[in-house]
Structure formats: structure tokens, C-alpha cells
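Participant: The structure that follows is given in the form of C-alpha cells.
The values are calculated or read from the model by the stated rules, or taken from the named source; none is laboratory data. Here the structure is a predicted model, which means the values were calculated and not measured. Neighbour counts are summed over all protein chains in view; Cβ atoms, including those assigned to glycine, are modelled from backbone coordinates with ideal geometry. The protein model used for the area step is the full one, side chains on, heavy atoms only, and it has no ligands, DNA or RNA in it. Shrake-Rupley method; radii C 1.70, N 1.55, O 1.52, S 1.80 Å.
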Amino acid sequence: MIREDILRKFPELFGTRTVNGREVNVEHTIAELTRDFDPEIAAALTARRALLNSPEPVRKKYAWPKWDDTFPDPVTGRSWTFRQIVQGLIDNFLGRESEWRWGLNDETPIPKNAHPLTNPGLELTGPWHPLDMAFNALNSPAPMNMPDFEDASPSHFKPDGTPADRPVGVFAALKNARDIFEGRWAGSVYEVTKKGKKRTYKIDRPPSKWPTLFVRPPSIHVRYDHVRVDGKPAPGLIAVAVLWAFNNYDSLKSAGTGVYFYIPKLQTPQEAAIVENLLAQIEATIGVAPGTFKIKMLYEEGNAGRSLAAIAWVLRRRLLGTNVGRWDYLGSLIEMWKDDPQGVFPDPQSIGMASPNMIAYQRYNALMMLMSGMKNNELSTAAPIGGMAAVMIYPPNDVYGRSRSNPVALRGIAMDKLRERILGLIFVPDQPLPAGQTPTLDDVLANRVKGRLYDTYRQSWVASPEEAYVAAGNTPLRAPVAQLQSILDAPLETVDARGKPIPAVASGLSDAERQLLQSCGLLNAQGRITPRVITRDELDSPEKLFSTELWESIYAVPKGDVTIERIQHAFYMAANYGFQILNGNFAAAIDDYELKLRFMNDLATYRIDVSWLWTLVRHEAAITRDGWLKRPALTEDGVEPVVNDLPIKAGTRFTRELFDKVWDYHNEWTAGFFAELDRLGDAGRFDRGKAPVIMELLKRQLVSPRYIQHSARVLFVVAEASEQEREQILEAIFDLSREEIVERVKAGKLGKKALEAHDYVYDVFPDRAGD
């Protein structure tokens, strides 16, 4: 069941052992759970595909659930209607006893170190392989850490052509965690050579001072080929959940913590039930109470928002909070509107967390967690969690001196988390306020208006463990609420960044920053913080809560431009990150030549760029502003597209011909980039031979009429394939019908891998296809 090379390299992860005093077997448990849940996972993914392919209008197929839609309850075994679930949520918020009232974490108490409201600050995510990444995570001042087996995971495959002794990253990361938790690296130094220099790493803090760990397993759509059950790859979710729990439960418990997960990409209550039942079965296997394993959830799918209340209800024994993630979420919105020619999104990079639809998204998330996390009139059993600050710090020895942009990054994270913190302030007055009255935070704290203030966004994500960067983000999340206004009102202090004055980290607001917060409805005209006011009668019925106006504020297509410069930029980001995946690197720092900043990219950023570009090609979208296709040249920041070469007028359609020009210009840029590396004597980290592969793949994917929801799965199957297999796989995914593939496999004209790749990418399950 476990591939031979994995068993040989990582024997300690598998086999029989004692967990919580019970004898368990890793392989047998993975097999049993896979057999139990494979049909449910197949049904859930088939339903996703059916929804994606449905010809119904967006506002119909992605509407709020119908009030009489029913959802099975994993806790009690009976089904509830959507109306009953929402009514129970309202009753919990209003403090009304009823047969439908429900809240989060009522059964099993929340461990203190996992509580989102008593551990304010940043959540740092990243791979735990190589080992130095794990050490840096544990040394970080961020109070939460998320060992990543999802978007920024170590790869779960070995790219074609890699050395035989290179381990599969996922299992190396699991071994690193096991070794660290068992104390094998306590006081020890890890030595590694990077870029020709020997470097040493060690864990500087005792276990009692480590961040609380929430491991990120893959979602239900990812499969691990090296863990097979009945001849088929096992779901990555099951493999990682079992391996993490069985290998680490006792060590984590001894250290005063527990097994906690960060669940990604759930879209429906049915999918949430898979997670709930899976974790409950693992809990039962090791003999702990249901709800012992606590979870947070990445609320990063627009489809999930439609039934977020029901998802929380399904997970109510263990859910601590839901996170708002910009990139996957925007990718999912683009996906929702992909078939509507009038629904083409503007440039995704122009849609930040301060954009109106994203403000509505964050407020909706906060409201759902407030209503479900209430107990005894206090927000105490759950909380919303903010999105990622994806900018990274340039090292001081950067060859082009780009560390001069670091003050922008530091101020950016401080403002990002300050905005989230203020956005999460919700005031519920005891009595309806007079018309036109908007109380300030000062009014609330001085008790000039009566009611309850809820301070909801106290945790948020960060991409970099760099100490100054983490400190800049931690500060606004940890500050007492009474100090927030003084942070804004502090004197303006500036530092130089590329010859321009930039507000320092601890500075008060600049005029531009103040205007931005005012545009978000967070400050009044006098610059005073204005909490969101929600009256009890606004939420006293399901119809008032889930209104048409709320749907439009979250899901309507935002206004903005489609420019040729941003198309070229999106293609660069997709090609650059895709090149990294093909080389087995899922966590990639990529230089943004427009913003002059360095961004952490992962599978989510690839998804959004590919989804957007696909819709532009599909609908031959109109360019909305005059612009230029740009050729590359060497600048002070490296080789960048800066030379205006081909004018593109507003109204020009993004035809296949124009797409081919973008593709050609990027190939020219790639050649110039590699030539610059050669000039510097830098061989680069990765196999340059993968550059033509990503270019060919992007051309075929972006001009294909077939939409792929999680587009990086194409990269997974292509990365480890030989050149001959690769061509067959691309043909099977983009050119052939499944019937043609099956016939060619039977005739020996295609390898079986091509059929497996097609089915994996499109969520086709052979048993359901009649094969």
C-alpha cells in the first residue's frame, strides 16, 4: 500500500504503534478510512464539477440555499433545514433558548493555547521541509504556526530528473515534525550548505514557548500516488490527518498542546461532514472524546460562503474560526462567473482586501463567527481570522539592492493588520440608535452609548518569519482596543524607500492611509474609528440575515479595468510560479516588478492568475484602457518588461492572436532573464529545462475550452512524468474526450498514466464512469 521508496526512507512514520495507550496501525487505518470515505469524496467532487458545468445563471446556481434544503447532522444523525440552522444561529446570537439554538465548541472545551481570542497575533504558515524551515517556524515570534501540507506544502511528488536520493517533501516534513516533537533536535545544530555557504540552524526556544501548531492538510481534491488503497491513490487529507495524529498525538499532549488542523477549501456542508466524520473516527481510534481535535477553516471558496452557517453548524464540535483568504477566494469568484461574458473580472491585483466586495466578505465572515461564537452574551467560543500579508522582506545582500523597498513592506503589513482589526469591531446597541447617529469607538468606550462592543479580528496570517516583519503585524492585533485610536493619531514619521518618504512602521496615518480607511467605512470624516453597528432587530429573522443585498455586496462583479500590462503581469506570475512547481517548490518568493516588492506565491496565486487569464481568452475580453505590450530590458532591479513596444488600444479584444503575442514576449523575457543569471555567474536554483514545459502547458491550458478548477493538479502530474508521458498527459487533459482516451489506452496507443491524469484533473471516478 505504501510505495517501497517511501517505506524505506521513512519507516518510522508507518507500522504499528501505541497512541494514547491504544495499539494502532498507520497503514490499516489509512486503508479503512479511505474505503469508508472514498465514495463520499467522489460524490462531493462530482457535485463540484456538476455545479461548475451547470448552464444556470450565476445568481441562480450560486444563490443562498433554499430555506427547506436539508443537511445531515454528523453529531446527532438527524437532518436540519437551512432555515432551522439559520434560526438556531440567530437564537444563539440573541441569547434565546430554543430547540434549534446552537453554538461552537459547546461540548469539548477549547484548549487555552488554541483559543483565537486569548492568543492574538499572527499565524505563520510554510513548509516544514527542509528542516531549517521548521526551525525558523518554531523560533518565530508569531504565536501560531501552520505546518503546510496544502498550498505552500513541500511537494508530494519527485519532479522528473531529480536525484534519486532527494526525498519526497511531504514525508520528509512529517518526519521532521515527529523528530522535533520527540526532542531529537533539542540543543542540536542542523548544518546545511546553501548557495555554496555552510549555514547552521537550531531551535532557540523551549517547547513551552513554541507557537501553537495547526497543521494544514490538503483538501479533498488532492491524492497521494505513493499511498494506494485497493490500487488507487489515497486522499491526501486522510493520509496527512492519520500520519500527523498517530505520529504526534502523545508528544504534543506531553508538551501541553494537542492535535489541531487548519482545513482548506471546503465548499459545502456535505464536504464539511466528511471532515467532521473523518476526525471523529480518528479520535475514536485513539480513544479521545469527539471534538478533542480542534480546527480552523480557510474560508477561501465563494461557494462556501453561500452556506457558511451550515458548514459551521456541521463542524460545531471543533471549529474555532474561519479565515478570509484573498487569492483562492478571488480565484473562486472568477470561477463562479467564468461562463458569463458580462462577468469578466477586472485585474485581480487591483482587487485588494480594502476593495468594497472584499470588505463585505470580511464583514460577513466576522458576523458568522460572532453569531456562532457567542456564549453568555460574550464572543468566547470562536472568532474570525484575517487574511495573509504575502509580502516578504528582501535580504540585505540582494544583488540588485532591492532591500531598499523593505520599508514599504513593513508599513504594508502594519496597515493591513490595523485595517483588519478595526474592521472587526462590531457594536450591538441595547436600543436602536437615532437616525443618522454613528457612534465612534471613543463614544462606545466612554459609555456614551449603551451596548456591547465585540473585538473580533485578533488573529491574521503572515507569509514571512522575519522578526521585524512579524513584529509590525503583531502590534495592531495585540494592542488593547482602547489604544487603537492613538495608533492612528500618532505623529507622522517617515523613512526613505527608493527616494520617497514612506510612513514608518509605528507612524500615525498619512493622508492617503486615512482616506483609504475612510473609504472602507472604518473612520468618520474626523478620522475617528467607527465600529460597525448591528442592531438586534436587523438579525431577528433568517430572511433579514441572508438578503439579496448581502449576496450582491459579496458576489457581484467588481468594477475595474482590464489592461494589457496587467495581462502580461498575470502571465508572468503564473509562468514563474508554475516553473517553481515543476521543480518541486510550492512556496515561492516571486519579485513583483510593478510593485517593486517580493511576494510569497503558492498554489492559490497560480489558481487566480490562470483562472483570470482563461476567462479573458474564453470571452475574448475587451481591453479597457490604452496600454503597451512591453519588451524586457536590464534595469536596476534586474531584467524586467519596461520597454513600450506594441501599443494596445482600449476596445481591443484579447483574441488568440493577442494571447500568442503575450506568450512570445514572455519567452523573450525568460531568455533575457537567464542571460542575466549567466552574466552574474548564477546557475539558478532550478532546472531551466522546465521553462519551456510551463510555457507549453500554459498555452494549452489557457486556450483550452475545458476549465480546470484546481489548475495546479495539471502541474502535479506533468512534473513527475517523463517527456514522452508528458505529451500524452497534456493531450489527454486538453485535446481528447475520455472515450477516446479509454480506447487509445486499450489499443496500447496511450499509457494508463494519461487516463489517470485526465480523471484526476477533472474529478472523474472510474467506478462511476462505468469502467
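Participant: Let me confirm something: among 158, 175, which residue is open to solvent by 40 Å² or more (accessible area, probe 1.4 Å), closer than 27 Å to residue 687 by Cβ and modelled with pLDDT under 95?
Facilitator: 158
Participant: Something else: Of everything in the stretch 53-68, what is open to solvent by 30 Å² or more (accessible area, probe 1.4 Å) and in contact with a Pro (Cβ under 9 Å, 6 or more places away or on another chain)? Give them in sequence order.
Facilitator: Hit for the stretch 53-68 is 67, nothing else.
Participant: Residue pairs, Cβ under 6 Å, 6 or more apart or interchain, first in the stretch 418-434 and within 7 Å of residue 531 (Cα to Cα) and at pLDDT 95 or above, second assigned to a helix (DSSP H, G or I) and open to solvent by 10 Å² or more (accessible area, probe 1.4 Å). List them.
Facilitator: 427/444
Participant: If you don't mind, there's one more thing I want to ask. Pairs only if they're at least six apart or on different chains, beta carbon under 8 angstrom, first in the stretch 446-457 and under 27 Å from residue 119 (Cβ atoms), second outside any loop (DSSP other than H, G, I, E, B) and among the acidic types (Asp, Glu); list them, first residue then second.
Facilitator: 457/420
Participant: Tell me, please, whether a residue that is assigned to a strand (DSSP E or B), open to solvent by 60 Å² or more (accessible area, probe 1.4 Å) and touching a strand residue (DSSP E or B) at 6+ places or on another chain (Cβ under 7 Å) can be found in the stretch 610-625.
Facilitator: Scanning the stretch 610-625, I find no residue that is assigned to a strand (DSSP E or B), open to solvent by 60 Å² or more (accessible area, probe 1.4 Å) and touching a strand residue (DSSP E or B) at 6+ places or on another chain (Cβ under 7 Å), so the answer is no.
Participant: Okay, next question. Look at residue 142 and say whether it is open to solvent by less than 50 Å² (accessible area, probe 1.4 Å), closer than 30 Å to residue 170 by Cβ and part of a helix (DSSP H, G or I).
Facilitator: Taking the combined requirement at face value, the residue does not satisfy it.
Residue by residue, here is whether (1) open to solvent by 20 Å² or more (accessible area, probe 1.4 Å); (2) touching a residue at least 60 places away in the same chain (Cβ under 8 Å); (3) in contact with a Lys or Arg (Cβ under 9 Å, 6 or more places away or on another chain) holds:
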position: 688; (1), (2), (3): yes, no, no
position: 712; (1), (2), (3): no, yes, yes
position: 732; (1), (2), (3): no, no, yes
position: 738; (1), (2), (3): yes, no, no
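Participant: Right, another one. For the stretch 155-184: of the residues being outside any helix (DSSP H, G or I) and polar (S, T, N, Q), which is farthest from residue 246 (Cα to Cα)?
Facilitator: Ranking the qualifying residues of the stretch 155-184, first place goes to 162.
Participant: I'm trying to understand the selection: among the residues of the stretch 652-691, which are over 29 Å from the mean Cα position of the chain (by Cα) and of a type in the set (Val, Ile, Thr)?
Facilitator: Within the stretch 652-691, 652, 655 meet the criteria.
Participant: Sort out which residues of the stretch 185-208 are in contact with a helix residue (DSSP H, G or I) (Cβ under 8 Å, 6 or more places away or on another chain) and open to solvent by 80 Å² or more (accessible area, probe 1.4 Å), and write them in order of number.
Facilitator: Those that are in contact with a helix residue (DSSP H, G or I) (Cβ under 8 Å, 6 or more places away or on another chain) and open to solvent by 80 Å² or more (accessible area, probe 1.4 Å): 199, 202, 204.
Participant: Then there's this: State all residues of the stretch 371-381 that are touching a Ser or Thr at 6+ places or on another chain (Cβ under 6 Å) and crowded, with 21+ Cβ neighbours inside 10 Å; if no residue qualifies, say none.
Facilitator: 373
Participant: Give all pairs with beta carbons closer than 7 Å in which a residue from the stretch 97-111 that is at pLDDT 95 or above meets a residue that is aromatic (Phe, Trp, Tyr); count only pairs at least 6 apart in sequence or on separate chains.
Facilitator: Every condition considered, the pairs that remain are 102/313.
Participant: State the number of residues belonging to the stretch 568-591 that are touching a strand residue (DSSP E or B) at 6+ places or on another chain (Cβ under 9 Å) and over 20 Å from residue 126 (Cα atoms).
Facilitator: 3
Participant: Here are some residues: 757, 721. Which one is within 29 Å of residue 266 (Cβ to Cβ) and open to solvent by less than 10 Å² (accessible area, probe 1.4 Å)?
Facilitator: Exactly one of 757, 721 is within 29 Å of residue 266 (Cβ to Cβ) and open to solvent by less than 10 Å² (accessible area, probe 1.4 Å), namely 757.
Participant: Residue 262 - would you say it is buried (at least 22 other Cβ atoms within 10 Å of the Cβ) and out of contact with any helix residue (DSSP H, G or I) (no Cβ under 9 Å at 6 or more places or on another chain)?
Facilitator: Yes: the conditions hold for residue 262.
Participant: Now for a different question. Identify all residues within the stretch 334-350 that are more than 16 Å from residue 552 (Cβ to Cβ) and in a loop (DSSP other than H, G, I, E, B); write none if there are none.
Facilitator: Selection gives 338, 339, 344, 346, 347.
Participant: OK, next. If I ask for residues that are under 21 Å from residue 275 (Cα atoms) and crowded, with 18+ Cβ neighbours inside 10 Å, which ones from the stretch 90-110 would you list?
Facilitator: Answer for the stretch 90-110, where residues must be under 21 Å from residue 275 (Cα atoms) and crowded, with 18+ Cβ neighbours inside 10 Å: 102, 103, 104, 105, 110.
Participant: Hey, does the stretch 378-391 have a residue that's within 19 Å of residue 460 (Cβ to Cβ), assigned to a helix (DSSP H, G or I) and either in contact (Cβ under 8 Å) with a residue 40 or more places away in the chain or of a type in the set (Asp, Glu) (or both)?
Facilitator: Checking the stretch 378-391: not a single residue is within 19 Å of residue 460 (Cβ to Cβ), assigned to a helix (DSSP H, G or I) and either in contact (Cβ under 8 Å) with a residue 40 or more places away in the chain or of a type in the set (Asp, Glu) (or both).
Participant: Continuing with the same structure: For the stretch 113-139, which residues satisfy the criterion of being part of a helix (DSSP H, G or I) and buried (at least 24 other Cβ atoms within 10 Å of the Cβ)?
Facilitator: Those that are part of a helix (DSSP H, G or I) and buried (at least 24 other Cβ atoms within 10 Å of the Cβ): 134, 137.
Participant: So if I check each of 341, 407, 356, which one is touching a residue at least 60 places away in the same chain (Cβ under 8 Å), open to solvent by 10 Å² or more (accessible area, probe 1.4 Å), farther than 30 Å from residue 497 by Cα and out of contact with any Gly (no Cβ under 6 Å at 6 or more places or on another chain)?
Facilitator: None of the others qualify; the one that does is 341.
Participant: List the number of the failed condition for residue 152; all other conditions in (1) of a type in the set (A, V, I, L, M, F, W, C); (2) closer than 18 Å to residue 241 by Cα; (3) modelled with pLDDT of 95 or more hold.
Facilitator: (3)
Participant: If you check 217, 211, 235, which single one turns out to be touching a Gly at 6+ places or on another chain (Cβ under 8 Å), of a type outside the set (Phe, Trp, Tyr) and crowded, with 22+ Cβ neighbours inside 10 Å?
Facilitator: 217
Participant: Quick one: would you say residue 320 is in contact with a Phe, Trp or Tyr (Cβ under 7 Å, 6 or more places away or on another chain), outside any loop (DSSP other than H, G, I, E, B) and buried (at least 23 other Cβ atoms within 10 Å of the Cβ)?
Facilitator: no
Participant: Here is a follow-up. Only one residue in 248, 277 is of a type in the set (S, T, N, Q) and either on the phi > 0 side of the Ramachandran plot or open to solvent by less than 10 Å² (accessible area, probe 1.4 Å) (or both). Which one?
Facilitator: The match here is 248.
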